[in-house]
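The values are calculated or read from the model by the stated rules, or taken from the named source; none is laboratory data. If you're wondering where the values come from, they're calculated on a predicted model, not measured in any experiment. Note that we place each Cβ from the backbone using ideal geometry, even for glycine, and neighbour counts take in every protein chain shown.
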Amino acid sequence: MRRLCLVLAWLIAGLAAAQGARLPAEAVDAFHAALRNKDTAAALSLLDRGLVVFEFGGVDPTVEAYALTHLPFDMDLAVASQWKLETRRVGGEGNERWVLSTYRVTGKQADGTPIDQVTLETVIVRRTAGLFRIVHFHWSTSDAGFQARSQGQRTK
Amino acid sequence: MRFATRLAAAVLGSGIAFAQAGHDDVVRVDPALKRLAGMITALGEPDAEGRIYSFRGTPIGPPASTPKEYPPGELRGWRLTFLAGQRFSAAFEVQSNTDSEITVSAADGPLNGIALRDVFVAEEIELKR
């Protein structure tokens, strides 16, 4: 009986810790805020377990793959740069919505080289239990040279 | 690539795990945190009430920057977040560690629900409660 209570307790604790957002765009903004705040758990809690990420020509096919391989870098970049929202459109209906955003990203690389580009972001969010979580990211850039260099790295 | 890292890549369904590819290589920024990822290799012994607060693990990641073992005692106070499994996104504070065993603080509840091959990351930052 004690073990059953224990299991229930941590299940309830897990649910209490789970996050999401009431509005589609809030899920996106909260994810970026979590990265900026170095809050890995908060960022993960905004991701649907079916997440697939397309990022500069590469694919993270599972949420776990993204969490392990690219989320840390996205957090590093979020901390080292400023993301100014320039445009946003939200659409879809029911429990599936999309959020299209462009950001002016500025900052400095580790060697002092400036970062200054426009990042294009497509996000699909899904609502479960009243909260939206992110099921797909697609990031690219309007900087053709940057995009080419990114994809070139993948073919090496 | 180490076996544990290859295994983690297979478990996570990623054929490119840990490859520094894409914008990671084009934009180089300082790490926001010191991190060590890992995979569970054995569960700790439960206490009399069935609560688990420890596990054995092995570091995973790029071979060039990943130690073969955890530096004993160095992860104390770090935040530990699960990146896979039932406890996905759950965060704990590391109370102590040896080269292969990590024990978390009881303040955040037990680790029950973790399983072999679950993947986690330990980060040098205080856990906010």
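Evaluated against (1) facing another protein chain (nearest Cβ under 10 Å); (2) crowded, with 21+ Cβ neighbours inside 10 Å, residue B:85 falls short on exactly one condition, (2).
Comparison of A:143, A:116, A:111, A:74 shows that the only residue that is crowded, with 19+ Cβ neighbours inside 10 Å, over 17 Å from residue A:19 (Cα atoms) and charged (D, E, K, R) is A:74. Within the stretch A:93-108, the set of residues being in contact with a Ser or Thr (Cβ under 9 Å, 6 or more places away or on another chain), surrounded by fewer than 16 Cβ atoms within 10 Å (Cβ to Cβ) and over 18 Å from residue A:31 (Cα atoms) comprises A:95, A:106, A:108. Of B:42, B:64, all but one fail to be more than 14 Å from chain A (Cβ to nearest Cβ), in contact (Cβ under 8 Å) with a residue 60 or more places away in the chain and not in a loop (DSSP other than H, G, I, E, B); the exception is B:42.
Out of the stretch A:15-40, which residues are assigned to a loop (DSSP other than H, G, I, E, B), modelled with pLDDT of 95 or more and closer than 19 Å to residue B:82 by Cα? Hits for the stretch A:15-40 are A:37, A:38, A:39.
Going by the structure shown, is residue B:92 within 12 Å of another protein chain (Cβ to nearest Cβ), among the aromatic types (Phe, Trp, Tyr), without any contact (Cβ under 8 Å) to a residue 40 or more places away in the chain and farther than 20 Å from residue A:69 by Cα? When the stated conditions are applied, residue B:92 passes them. For the stretch A:68-124, filtering for residues that are among the charged types (D, E, K, R), in contact with a Lys or Arg (Cβ under 8 Å, 6 or more places away or on another chain) and facing chain B (nearest Cβ under 9 Å) leaves 1. Looking only at the stretch B:60-82, filter to residues that are more than 23 Å from residue B:107 (Cβ to Cβ) and of a type in the set (Gly, Ala, Ser); which one of those is surrounded by the fewest Cβ atoms within 10 Å (Cβ to Cβ)? Per the criteria, the residue is B:64.
Rundown of residues vs (1) more than 29 Å from residue A:111 (Cβ to Cβ); (2) surrounded by fewer than 18 Cβ atoms within 10 Å (Cβ to Cβ), yes/no style:
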residue: A:25; (1), (2): yes, no
residue: A:33; (1), (2): no, yes
residue: A:41; (1), (2): yes, no
residue: A:46; (1), (2): yes, no
residue: A:61; (1), (2): yes, yes
residue: A:70; (1), (2): no, no
residue: A:87; (1), (2): yes, yes
residue: A:91; (1), (2): yes, yes
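Of the numbered criteria (1) of a type in the set (Val, Ile, Thr); (2) over 15 Å from the mean Cα position of the chain (by Cα); (3) outside any strand (DSSP E or B), the one residue A:87 fails is (3).
Among residues of the stretch A:86-140 being basic (Lys, Arg) and modelled with pLDDT of 95 or more, the one that is farthest from residue A:51 (Cα to Cα) is A:104.
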